[in-house]
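These notes are about the structure you will find just below.
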Amino acid sequence: MAEMDTSSSGGKGKKHGGTKSKKQSTRVDMTPMVDLGFLLITFFMLTTTMSKPKTMDLIMPKDTKEEKDQNKVKESTALTILLGKDNRVYYYEGLAQDPNAAANPDFFKATSFANKGGIRDEIIKKRDEVSKLRNAKGEPEDVVVIIKADDDATYANFVDILDEMAINRIQRYATVDISDQDKTWIKQTETANGVK
């Protein structure tokens with residue numbers, strides 16, 4: 001707050017003998033300005049702390065053409081998950097490299113993101129089954145989940161399946177382009193179940 005001192009000491013009560021000029025001193029009180037500065041600093045510190053983006057770390061392998069540098073996945077440790085339209089999830093065990101595997105009616109299965117009886121239960125079942133296997137060093141094997149998204153799958157479903165990987169502590173998973181064979185199996189399953 002600015003104050004002006006308008007008191008006059010000239011004349012000392014006498015009316016005559018000339019007048020001295022009035023002394024005017026200005027004094028600016030900086031206390032409210034300092035308070036405002038600290039309030040602004042506090043406000044910006046809190047808002048920047050709360051507005052940090054939350055992201056999921058993805059470790060991507062290097063892209064290589066040489067077969068010796070590529071990661072190999074065992075058929076017995078793989079679980080392939082396909083994301084379809086309308087929140088549908090399809091899966092099969094293994095890599096489906098055997099053309100006769102699809103002849104088995106229990107090979108290609110449909111499920112959902114439901115908490116009970118959904119894809120989470122299938123991931124847990126496969127993880128527990130694979131953890132009983134031992135590699136050449138005698139260590140337990142890790143399940144490898146291969147995620148393939150159809151053209152009709154939504155981004156939300158993709159994020160949901162990545163959340164399932166984090167929830168179920170799946171350390172090895174990969175996102176792969178969907179094959180024509182996988183698309184055919186999805187269409188056949190949808191036709192068999194009366195889905196348009």
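All of the numbers you see were taken from the coordinates with simple rules; none came from a lab. Here the structure is a predicted model, which means the values were calculated and not measured. No Cβ is skipped: glycine too gets one built from the backbone with ideal geometry, and neighbour counts run over all protein chains shown.
Per residue of the stretch 175-180, in order, report the coupling 6.51 cos²θ - 1.76 cosθ + 1.60 (Karplus, θ = phi - 60°) as ³J(HN,Hα) in whole Hz, putting x for Gly and Pro.
9, 10, 5, 6, 8, 5
In nm, what is the difference between 0.36 nm times the number of residues separating Lys183 and Ser25 and their Cα-Cα distance?
Working: separation 158, 0.36 × 158 = 56.88 nm, distance 8.61 nm.
Value of the extension gain: 48.3 nm.
Take the cross-link list Lys65/Lys85; Lys54/Lys109; Lys109/Lys187; Lys54/Lys126; Lys116/Lys183; Lys116/Lys187 and give me the ones stretching past 22 Å between alpha-carbons.
Lys65/Lys85; Lys54/Lys109; Lys54/Lys126; Lys116/Lys183; Lys116/Lys187
How much FRET efficiency would the formula 1/(1 + (r/R0)^6) give for Glu129 and Thr175, where r is the Cβ-Cβ distance and R0 is 22 Å, rounded to 0.05?
Efficiency, from the Cβ-Cβ distance: 0.45.
Taking amide H positions as placed 1.01 Å from N in the peptide plane, with prolines and chain starts having none, which residues 5 or more places from Gly94, or on another chain, fall under 5 Å of its amide H?
Excluding prolines and chain starts, which carry no amide H, the hits are Ala78, Leu79, Thr80.
Report, for the stretch 88-190, the % of DSSP beta bridges that are antiparallel, rounded to 5.
Within the stretch 88-190, antiparallel bridges account for around 45 percent of the total.
Taking a label point 7 Å from the Cα of Lys54 along the Cα→Cβ vector, which residues of the stretch 148-182 have an amide N closer than 19 Å to it?
155-170
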